[in-house]
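See structure below.
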Amino acid sequence: MNTATSVRPNLLDSVYKFTDAFGDGGLASEIAPALNCAEVEALANLFRALGHTEIADVWVSEHLGGTGEDIEEHLEDASESSAERSPSTTDKD
């Protein structure tokens with residue numbers, strides 16, 4: 001019997017625990033300003049994929065602080081920057 005498999009956390013349970021832990025606006029206000037744009041984008045995209053759009057917006061908003069930058073504009077800029085770093089998913093012949 002593989003003991004590593006028996007202690008492996010359940011994915012769905014882990015997702016719920018993650019959203020409970022990181023879905024707190026107070027935590028976002030403390031951590032988000034210290035994260036870089038790509039890190040906040042990754043968190044926001046994960047929350048959006050899980051259906052938590054409001055939490056995603058809180059993380060981005062807290063990251064932006066008082067810059068006055070629009071959330072959507074910021075996400076577009078971060079997404080473009082992320083795409084430049086990501087390997088292509090197209091087949092290479």
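The values are calculated or read from the model by the stated rules, or taken from the named source; none is laboratory data. Keep in mind that what you see is a predicted model, and the values were worked out from it rather than measured. Neighbour counts are summed over all protein chains in view; Cβ atoms, including those assigned to glycine, are modelled from backbone coordinates with ideal geometry.
Observations
- Candidates GLU69, GLU41 - the one that is among the charged types (D, E, K, R) and modelled with pLDDT of 90 or more: GLU41
- Residue within the stretch 4-18 that is out of contact with any Asp or Glu (no Cβ under 7 Å at 6 or more places or on another chain), acidic (Asp, Glu) and not in a helix (DSSP H, G or I) present: no
- A Cβ distance below 7 Å, combined with a sequence gap of six or more or placement on separate chains, defines the contacts here; from the stretch 51-63, residues that are in a loop (DSSP other than H, G, I, E, B) reach residues that are small (Gly, Ala, Ser) in the pairs HIS52/GLY23.
- Looking across the stretch 19-43, the residues that are surrounded by 16 or more Cβ atoms within 10 Å (Cβ to Cβ) and not in a helix (DSSP H, G or I) come down to GLY23, LEU35.
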